[in-house]
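The structure appears right after this line, and notes come after that.
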Amino acid sequence: MARKGGAPETVAKALVFECLRQAQEQQRRCCLFAFSTGAELQQLELDLTAAGLGRLLEFLSFAFHGGTSLNEVLLASVERLGSSQQWQNADLLLVTDGEVPRPTDGVLGALGEARAEFGARVYGVVVGSKTGEVMQSLCSVHKELGGKLHFALSDIGNWGLVLHFFCDGFVGGGWEDLWQSVLGGYLNLPSNLIKGCANLVILPFTFSAFLGMLSDSKPIFGFRRRPYMAGGWFLCTLSTLCLVYRGLPAPYYCFENGHYLYQMPPCNPEAADHFIPVVLCLCCATVGGVTANAAANGLLVEYAKQEAVERRGRTQIVLQMVKLSGHLTSVLLSAFGFNGRMFNGSFEQARQLNFQQLMGIYLAAVAVTSVGCLFLVRENKAVRSSFREQMSSVWNLTQSKAFLFVGLFVFLRTLMGHINSTAGVWVMMQWAEVRGIQIQMSNALSLLISLAASYLMRRYLLNTSWRKIIFVTSSVSTATDSIPQLLTVFDIVRDPYFYLGEPISRAVPTAMNHLITVMMANELADDDNGAMVAGMLQSVTFVAILFGMVVSNQLFSSFTPALTLRENFIEDAVSFRWTVAYSYLVAYTFSFASLALLPLAPAQKKQAQARKQEPGLHLQCSLEL
C-alpha cells in the first residue's frame, strides 16, 4: 500500500481493511506492506485472531506521506512468495494513487520469474484517475475506482452485448435448420454425410478455451472484448455474404408443379457435389461466432464479478433470455418463411423465401451486430500479458480441485446425457409421423418454456442449490420423456402432437444446466481469465457431446434388428418394438445414473468459492484427471 495523505489515503485504508477482513473470513493468510520513497518498509502479517485485528487497526492508523517507489516492496513480496510452500500461488495487490516510477530492470526480472515459478498474479487498484503506464504494465489486472461495470438494457453502451446475444441465437438457430432442408431436401446428400458436415461445423466450439485465452491476454487497442466480438461477427458477415453471392445450383430432383419427382431420374445429379462450399462458409461463420462468443462470455464474467454475491448471475440470465428470443425468432422465420416444398417443407415454394433471400436476412443481422459490438460495448481498458503468464494461469487452474471437479462433472454428465437411442429418428418420423411444421412449432414452444424457466431462475432460484435444481429438472424431464416415447413404441398412442412432448420436456433442464455452468464459471474465474475459464467449460461441453454421439453409435449398433434401418420400422414387428424399448431404457439408465455425479459440483456460490481456496491437487493426480 502506497503512502499518500488526504482523502485518497482514507479510501485506500478502507479498501485494504475490507480486503483483509474478507481474507480473514476465508482463512487466507495475508501480509501487508506500507511503502514510500525514502522511508523504511513496514510490514504486518495478518494474524487471524482478535489481537491480530487490533494490531492491523493500529498499523493503519499511521499517517502516510511521501512519494512512491515500488522497488523495495516488490522485492520483499517476491521474497515472501519463495519463503515457504504456504505463500506460493499467493496474489499481489497494489493499492496506490497511480503516480509511481518504473521499477528497475532487476526488480522487474525478479517479479517476472516469480510469476512464472509461483503462479503469482499482480493486481492493482488505483485510487484516483491517474492509472499510468507503469501500473498497466505491472499488473495482470488493474482497476480504477469508479470504473465499475454495470449492465442495464437502458444503457446504450450495453446494446452491443444485447445485439450479440440476440444474433447468436438468431443465426445459430437458423444454421441448425439448413442441414435437413438444404443438404438433405435440396441437394439430396446421404444422411451420413449430413451428420459429418454438422459435426464439422460445430468443431470450432472445441477451441473456445484457446480463443478465450487469446481474448484475455492480447488486447487490441487496449480492449480485450470489443475487437474480438466485432472481428468475429465481421468474419461471419463475410461468410454469409459468400453464401448470398454463390447461392445454390438447381435441385437434385426435378421440381414440377410444387413437388419433387422422386420416381424420375434426377435433373441435376451434380447438385450433391456443391455441398462443400456451403459447408466451408458455414464453418467459417461458426469460427467467427465462437470467437465473438469467447470474448463476450469473458466480458459477462467481468460484469458478474462486480455484482453483489446474492445477485451474481442476473445479467447473464437476462442475456440468455435475449439469446433464446433470437433463437425463437429464427424458428418462426423457418416455420413460416423458409418452409417451402423445395426445401423439404410444407408450403408452396412460391410463397416462401428462397436460399439467397434467407441468407440476405442473416447477412443484415450479422453486419449490424458487427458494427454494434465495435461501438456499443462498455468495457474497461486492459493490458497485454505474456503467453508464459497465460500458460501459468492454465496450469494453476488445472491443479485446482474446484475446477477439475467441475470440469469432470460437466464432461461426464454431458456425455451420459447425450447417450441416446439411435432409433429416435425413425420412431419420430415413421411411427409418430411427425412432419416439419410440427417440429418447428414444438421447438418454438420449447423455447418459450425455456424463457419462462430462465425468468423463474432469475426471479426466484438465483440462490437455490444448484444440485437440487439439476436433480429435480433432470429426473422430472427423463420421467416425462419416457411416457410419449414408450407409448409410441408399443403402438398405444401414435400421434405427432402427443409425441412432440419430448423436445418440450427437455427444454427446462437444458436451459438450467447451461445457466448453472455459466454461474460456476463466474466463481472459478479470476479477474484476468474469465474468457478462458468460460471457454474451457464450453470446450469440455462440446467435446462431451461428440463423445456421447460416438458412444451412442457404438453401443446401439449391437442391437438387432438394426435400429437405424427404416425397413424395420415399416415392418413394425412386436419383437422389434421390444428391442427399441430396451434401447430407450438403456439411455434412461445413463441419464438417471448421471445424477450420481452431483457431489462433484458445488452446491452454490459460497461453496464454489470455498473449494477454490482449498490446496491444489498433487501433480500426478492432476495430470491423470
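None of the figures in this text is laboratory data; all of them are computed from the coordinates on show. Quick caveat: nothing in here was measured; it's all calculated off a predicted structure. Because the Cβ atoms are built from the backbone with ideal geometry, glycine has one as well, and the counts that use them run over all protein chains shown.
Express in nm, to one decimal, how much length is gained between residue 176 and residue 154 on full extension, taking 0.36 nm for each residue of separation and deducting their alpha carbon distance.
Working: separation 22, 0.36 × 22 = 7.92 nm, distance 3.17 nm.
Result: 4.8 nm gained on full extension.
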Item to complete: Quick one: give the max-minus-min coordinate of the C-alpha atoms of region 150-381 along each principal axis, largest first, in Å.
Response: 66, 30, 28
Discussion item. If you take every residue apart from residue 611 with its C-beta less than 13 Å away from the C-beta of residue 611, what net charge results, scoring Lys and Arg +1 and Asp and Glu -1?
Written reply: +2
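What are the equivalent ellipsoid semi-axes of region 522-582, built from the alpha-carbon gyration tensor (square roots of five times its eigenvalues), in whole angstrom, biggest first? Walk me through the numbers on the way to the answer.
On the way: eigenvalues 373, 18, 14 Å².
Computed over region 522-582, the values are 43, 10, 9 Å.
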Fill in: Those aspartates and glutamates that a straight Cα-Cα span of less than 17 Å connects to residue 401, excepting residues fewer than 8 apart in one chain
523, 526, 614, 624
Item to complete: Would you mind computing the Rg to Rh ratio of region 147-202 from its alpha-carbon coordinates, Kirkwood style for Rh?
Response: 1.29
Item to complete: Return the long-range amide H neighbours of residue 339 (sequence gap of 5 or more, or a different chain), with a cut-off of under 5 Å between placed amide H atoms.
Response: 353
Item to complete: For residue 344 and residue 429, calculate 0.36 nm times their separation in residues minus their Cα-Cα distance, and state this gained length in nm to one decimal.
Response: 29.3 nm
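Once a ≥ b ≥ c are taken as the square roots of the eigenvalues of the Cα gyration tensor of region 426-503, is the result rounded (a/c under 1.5), prolate (a/b larger than b/c) or oblate (a/b not larger than b/c)? Kindly include the intermediate steps, with their values, before the conclusion.
Numbers: a/c = 4.27, a/b = 1.85, b/c = 2.31.
In terms of gyration-tensor shape, oblate.
Under the rule of -39500 (n - 2.57) per DSSP H run of 4 or more residues, summed and divided by the residues of the chain, what mean residue ellipticity at 222 nm is obtained, to the nearest 500 deg cm²/dmol? If you can, show how the numbers build up before the last one.
Details: 23 runs with 371 residues, N = 625.
After summing the helix terms and dividing by the residues of the chain, the value is -19500 deg cm²/dmol.
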Item to complete: Would you mind checking which residues have amide H under 5 Å from residue 104's amide H? H placed 1.01 Å from N; only 5 or more apart, or other chain.
Response: none
Worksheet item: Taking Cα centroids, how far is region 562-614 from region 230-278 in Å?
Response: 36 Å
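Where in the chain are the DSSP H helices whose alpha-carbon span along the long axis reaches 15 Å or more and whose Kyte-Doolittle mean is at least 1.0? Write out the running numbers ahead of the final one.
Details: long enough: 7-25 (27 Å, 0.02); 50-60 (16 Å, 1.16); 71-81 (16 Å, 0.53); 105-118 (19 Å, 0.27); 159-176 (26 Å, 0.72); 191-202 (17 Å, 1.08); 226-246 (30 Å, 0.66); 275-305 (44 Å, 1.35); 314-337 (34 Å, 0.81); 355-375 (31 Å, 1.59); 387-398 (16 Å, -0.46); 401-417 (23 Å, 1.68); 436-459 (35 Å, 0.72); 466-489 (34 Å, 0.60); 501-524 (36 Å, 0.36); 530-556 (39 Å, 1.57); 574-593 (29 Å, 0.86).
Within the chain the helices that satisfy the rule are 50-60, 191-202, 275-305, 355-375, 401-417, 530-556.
In the chain, what % of DSSP beta bridges are antiparallel (nearest 5)? Working shown, then result.
On the way: 7 of 18 bridges.
Expressed as a percentage, antiparallel bridges in the chain total about 40.
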Discussion item. Quick query: amide H of residue 32 versus all other amide H atoms, modeled in the peptide plane; which residues come in under 5 Å with a sequence gap of 5 or more or a different chain?
Written reply: 44, 45, 46
Item to complete: Sort out for me the Cα centre separation of region 330-379 from region 153-210, rounded to whole Å.
Response: 12 Å
